[in-house]
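Below is one structure, written out as structure tokens; comments come after it.
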2 protein chains.
Amino acid sequence: MFRFDEDTRLEPRGDGVAQGRVSAGWSIGANPNGGYLTALAVAGLRAALPTHPDPLSVTVHFLRPGVQDTACELRAALVRSGRTLSTVRATLTQSGEDRLEILATMGELGDGGDAQLAIAPPRLPPPDACVPRSAAAQGVTLSILDRLDIRLDPDEAAAGAARRAQVTGWVRLRDGRAPDPLACLLFADAFPPAVFGLLGAVGWVPTVSLTVDLRRRPAPGWMRARFHCSDLVDGRLIEDGALWDAQGRLVAQSRQLALLRTPSSPA
Amino acid sequence: MFRFDEDTRLEPRGDGVAQGRVSAGWSIGANPNGGYLTALAVAGLRAALPTHPDPLSVTVHFLRPGVQDTACELRAALVRSGRTLSTVRATLTQSGEDRLEILATMGELGDGGDAQLAIAPPRLPPPDACVPRSAAAQGVTLSILDRLDIRLDPDEAAAGAARRAQVTGWVRLRDGRAPDPLACLLFADAFPPAVFGLLGAVGWVPTVSLTVDLRRRPAPGWMRARFHCSDLVDGRLIEDGALWDAQGRLVAQSRQLALLRTPSSPA
């Protein structure tokens, strides 16, 4: 079993609640990564909806940081069940406190053979000519990098070096697990904040809300990703992202509202 | 009292439920506009959160069409209440059936004086040189156009005439009510589907999920909007939107997942 599958396993208890454990293997500093927690929650929803296994549109509002290496519960409620789509809401709880509130529409993704419109993937040097994402550049421990191999465009890899608030690169799971829609939820929040490219690693960027729209099932292999911050005002920013599979097909789009907490931010 | 305020009024019943009425004045064909229903729901949330009056990030999943000229109930639950942010989830119900499921983080918007990054507004001919949105072009009754004045860029106004799946234009409330964050929720879903610009008015485009991130309080006057469809596959599309106020400041960003139902779509 691959590590990502092991760490997103929830066991249904039979009353709409599933139980599992938040791993310490996908953290940024001491906090479990938001994309990992989202994937964990959606894995639980998926188990309860066998005919609609794929997240088509997932929104998560992050209430409090998750707690690594600690038990979790997912309480889910089916809001509507249709022929092609089901909508669910769910709450991920740890130690008696709600951590994530989730709203998702599930369905079944195709392989995108008949795309009428699509966003072209970014041009990137091959993975071996890109710069591995490193913990040193951000000054925190990143256990997530033991599991995820992230290679950044050399033009955008150094904090503060980019001309735009953008980060582009490659991503894959280190243990060879193929990407799927669940892994895309993780990938959608696994790159350095795009704003660091322009401003430098200026602080902490906690996510308030994250929406990921899944578009196709990814092909196996390296995926490409591009994230950019287009609007930053009053310490709140919007980061847009997109993920493409090894065949260059758009697989997911993401948007998050995040706070920019610098050492000079009001407490 | 302005019509928009009258038609988004919900009266708290005291048990977390607020009651009101879905107006027939904001419809596309016989269906209340999704942006209007979103504004109505958020107006109800706002009344319950006096210190956090502004929607910062709102996601709605549309379960069933709303019913115009019919009573509605909003059941809301406060998920987390913090110093600067509160998160709420809510369900809008009519005739005993859930219509909208909402997840929102509320707070307080500034006027955006200290923007560090911002998206520039589109260039547009002045409103009088643009083309009023008309019901005739879509072949349905649009009661919403009795309340909203929408002027489209002449290059993109005719269905099927644009080079891209994009629509750009001006918007304001006809009765002179100034725009505010609530009106932005309406404006974010009030333009013709961007995909019509490229493909023509090919069918019905029901929204599955809509996320609006509010960025600043708008200044009074005409607002500018741009929507584009960047990805269409398997009859599902993503439409991105942005709204700017009369001073050219970005006020909101939107993203929706919608279905494209053509006469040849599977039932």
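Brief remarks on what is shown
- Among A:185-195, B:229-239, the order from most to least packed when residues are scored by Cβ within 10 Å on average: A:185-195, B:229-239
- B:D175 sits among other residues whose Cβ lies under 11 Å from its own Cβ, and their net charge, with Lys and Arg +1 and Asp and Glu -1, is +1.
- In this entry, the protein assembly as shown is assigned a mean projected area of 23.1 nm², taken as a quarter of its C-alpha convex hull surface.
- Whole-number percent relative contact order across chain B, with pairs defined as alpha carbons under 8 Å at least 6 apart: 18 percent
- Computed P(r) (all Cα pairs; segment B:1-147; 5 Å bins; percent): 2, 9, 16, 17, 16, 15, 12, 8, 4, 1, 0
- Within 10 Å of the Cβ of each residue in B:244-251, the mean number of Cβ atoms contributed by other protein chains is 1.
- 10 Å Cβ neighbours from other chains, averaged over peptide B:206-213: 5
- The reciprocal of the average 1/r between distinct C-alpha atoms defines the Kirkwood hydrodynamic radius, which for chain B equals 18.6 Å.
- Copies compared at A:E11 - label distances in nm, ascending, label defined 7 Å from Cα in the Cβ direction: 5.2
- Highest to lowest packing among B:57-65, A:20-28, scored as the average C-beta count within 10 Å: B:57-65, A:20-28
- Estimated FRET transfer efficiency when R0 is 35 angstrom, pair B:A135-B:S264 (beta carbons, to 0.05): 0.90
- Quick note on segment A:188-267: its Rg to Rh ratio, both from C-alpha atoms and Rh being the Kirkwood radius, is 1.04.
- The distance linking segment A:218-241 with segment B:195-267 is 19 Å (Cα centroid to Cα centroid, whole angstrom).
- With a cut-off of 12 Å between beta carbons, the residues surrounding A:M106 carry a summed charge of +1, where Lys and Arg count +1 and Asp and Glu -1.
- Among the residues of A:226-234, the average count of other protein chain beta-carbon atoms within 10 Å of the residue beta-carbon is 6.
- Efficiency of FRET from Cβ geometry, A:D175 and A:T84, R₀ 35 Å, rounded to 0.05: 0.55
- Summing charges over neighbours of B:S254, with a neighbour being any other residue whose Cβ is under 9 Å away from its Cβ, gives -3 when K and R count +1 and D and E count -1.
- Taking a point 7 Å from the Cα of A:A115 along the Cα-to-Cβ direction, the residues of segment B:225-248 with backbone N closer than 12 Å to it are B:230-234.
- 15 Å tail of the calculated P(r), segment A:1-47, as % of Cα pairs: 42 percent
- Across all C-alpha atoms in segment B:180-219, the radius of gyration and Dmax reach 12.8, 36 Å.
Where a number appears in this text, it was derived from the coordinates with a stated rule and is not lab data. Being a predicted model, the structure only gives us computed values, none of them experimental. No Cβ is skipped: glycine too gets one built from the backbone with ideal geometry, and neighbour counts run over all protein chains shown.
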